[in-house]
Amino acid sequence: MESDELACVVVPTYNRSRSIGKCLESLLAQSHSKIEIIVSDDNSSDRTVEIVTEFMRLDPRIKLLRSSVNTGPAGARNRALGEARGDFVFFTDDDVEVPPDWVGTGLRIFSDTKCAGIEGQVVYVSSTYRPRFSDRVVSNYSGNNYMLANMAYRRDALFDAGLLNEDLRIMEDRDLAFRVMKYGEIVFAKEFSVTHMRDERTIKSFLLEARHTATWVQFDIISKRRDQMVWFVYRPVKLLTLVFPPLIFTRYFTVRFKSPLDFALLLAVYPRLWYERILVWRWAIRYRKFII
């Protein structure tokens, strides 16, 4: 029997015309039909808004919010939360497909556990897919990552926690989860699972990913949590690779190389490592932290 709870689904989007349609199709196919889908566009310049508008004509449960400036995913999600009416908020991304029972499963877990939030599994492409080096792999199989590609929260817990920190361009989801856990438990549930579509890097995006490591320094300052600083900032293997560059080529034996882009990105690894360290050191100087 379907619950009579109204669930809100928040989908931030930016220039995802190639994937937003599949995402919305999967959301409209939910077995729990009492949902509102809020798509928060962060000033896209491609056909994303046009595609969402076409879906809105087909189903009134979809609402589109548009921003005249790009504020980042935290800002896009916060704008959607300001419009949410449901007591339960489900988060996913514009390059994710959800199964038909996704919302229904989440509502059942909320009812059974009385938790403040649910963290779900994120499968990249499929359980049997072997990623290429050019893939930007987004996955979560064991929890404690709190990725908003697949999370659900009680709406009141989100507002008690103060919503998302818009100063963070990445790890805003982890920061939110730590604050929500002051008000209740977040449970990990494998049955609450979604599939992330294949996402291919470009050389530009590959180099810009170096900013993620630098942002961990900022995140450490804000959250005052150092539990993963060694692996996400100090990066022992990466530091060793800077000293001994041939270690880069060990990657050829651990991931799949199939296209010219895969090999081009391999050549970009060493410049990215140095760019990453420079950004980390800039944050370290700014916050007066000792980081090698």
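Readers should treat all values here as calculations from the given coordinates under stated rules, not as data from a laboratory. All of these numbers come straight from a predicted model, not from anything done at the bench. All Cβ positions, glycine included, derive from the backbone under ideal geometry; neighbour counts span all protein chains shown.
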Taking only C-alpha pairs under 8 Å that are 6+ residues apart, what is the relative contact order of the range 91-196 in percent?
46 percent
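Please identify the chymotrypsin sites (Phe, Trp or Tyr not before Pro) of the range 136-177 that satisfy two criteria: DSSP loop assignment and at most 13 other Cβ atoms within 10 Å. Which are they?
When the chymotrypsin sites (Phe, Trp or Tyr not before Pro) of the range 136-177 are filtered for loop state and at most 13 Cβ neighbours within 10 Å, Tyr141 remain.
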Quick one: divide the alpha-carbon radius of gyration of the chain by 2.2 N^0.38 Å and tell me what you get.
1.04
Given pairs Lys63/Lys204; Lys204/Lys258; Lys63/Lys114; Lys22/Lys63 and cut-off 24 Å on Cα-Cα distance, the over-length ones are Lys63/Lys204; Lys63/Lys114
Packing-based order for 30-37, 91-98, using average beta carbon neighbours within 10 Å, highest first
91-98, 30-37
For Cα pairs less than 8 Å apart in space and 6+ apart in sequence, what is the mean separation divided by the residue count of the chain, i.e. the relative contact order in percent?
18 percent
Given charges of +1 on the Cβ of Lys and Arg and -1 on the Cβ of Asp and Glu, with all other atoms neutral, how large is the dipole of the chain about its Cα centre, in debye to the nearest 20?
1460 debye
Rounded to the nearest Å, what's the spacing between the alpha carbon centres of the range 1-78 and the range 89-133? Just the number, please.
16 Å
Between 0 and 90°, nearest 10: helix 210-223 axis offset from the chain longest Cα axis
70 degrees
Of the DSSP beta bridges with both residues in the chain, give the percent that are antiparallel, rounding to the nearest 5.
30 percent
